[in-house]
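Following: one structure in structure tokens, then a few remarks.
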Amino acid sequence: DSGVTQTPKHLITATGQRVTLRCSPRSGDLSVYWYQQSLDQGLQFLIQYYNGEERAKGNILERFSAQQFPDLHSELNLSSLELGDSALYFCASSDASGQNSYGYTFGSGTRLTVV
Amino acid sequence: QQQVKQSPQSLIVQKGGISIINCAYENTAFDYFPWYQQFPGKGPALLIAIRPDVSEKKEGRFTISFNKSAKQFSLHIMDSQPGDSATYFCAATGGYQKVTFGIGTKLQVIP
């Protein structure tokens, strides 16, 4: 157990729907990062939150949004889902405020399948 | 723009052999180079990391070699075991640069 908890582990939904992925960071970590992993794209950075504030954005689609709550858990919202959104979504946490964390702790991921 | 180029994308090694994965970077602001190991169904986990002030770091059977002038670094897995079969990601970060991951190498160690 890495200390980063992601739920649900698997999600199957239809095109056009909206889903919410949840992440609880490791105790003491203030930063949460979301990544998308697909077979041919490796790990693509989506967005980072630090202590409730958006800190950095990567290749995140406008249909996707995220937030970090006062208890530091984070949610990634994916809407108007398309078949191409099927992927593994990972959350990572660190104690750093910036992007240049010297060690991420990843959760086990949520596998999203859009049918 | 892929700032960290990783090769090969897949690798098959006999048990007991040496697995070598190579990465190259472009941004000279990077000052920390971690490797992550990912088993199927799990998230990536930090395996070993190096800073550019040393040319080599060894932890057990895992060694990172770093060539600052060539902007290249590599992971060597000595005496590879079937339990090492996983996907390995190199990464780079530093300064105000975001952590950038390589595309990953799927390693299969066959008995």
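Computed from the coordinates by the stated procedures, all read-outs in this text should not be read as laboratory data. All values derive from a computational prediction rather than experimental measurement. Ideal geometry is used to build each Cβ from the backbone, glycine not excepted, and the neighbour counts take in all protein chains shown.
Apply 1/(1 + (r/R0)^6) to the Cβ-Cβ distance of A:R18 and A:Q44, taking R0 = 22 Å, and write down the FRET efficiency to the nearest 0.05. Kindly include the intermediate steps, with their values, before the conclusion.
Numbers: r = 20 Å, r/R0 = 0.93.
Rounded to the nearest 0.05, the efficiency is 0.60.
Could you pull out every residue, at least 5 positions away or on a different chain, whose amide H is within less than 5 Å of the one on B:I48? Hs are placed 1.01 Å off N in the peptide plane, and Pro or chain starts have none.
Distant-sequence amide H within range of B:I48: B:W35.
How would you order B:103-109, B:84-90, A:77-83 from highest to lowest mean count of nearby Cβ atoms within 10 Å? Write down the numbers at each step before the final one.
On the way: B:103-109: 19.0, B:84-90: 21.9, A:77-83: 15.3.
In descending order of packing, they fall as B:84-90, B:103-109, A:77-83.
Pairs B:K5/B:K58; A:K9/B:K42; A:K57/B:K71; B:K5/B:K71; B:K5/B:K106: which exceed 19 Å Cα-Cα? Before the final figure, lay out each step's value.
On the way: B:K5/B:K58 22 Å; A:K9/B:K42 10 Å; A:K57/B:K71 26 Å; B:K5/B:K71 11 Å; B:K5/B:K106 15 Å.
Beyond 19 Å: B:K5/B:K58; A:K57/B:K71.
If packing is taken as the average number of other Cβ atoms within 10 Å across a peptide's residues, how do A:5-12, B:25-32 rank, most packed first?
Working: A:5-12: 14.1, B:25-32: 16.8.
So the order, starting with the most tightly packed, is B:25-32, A:5-12.
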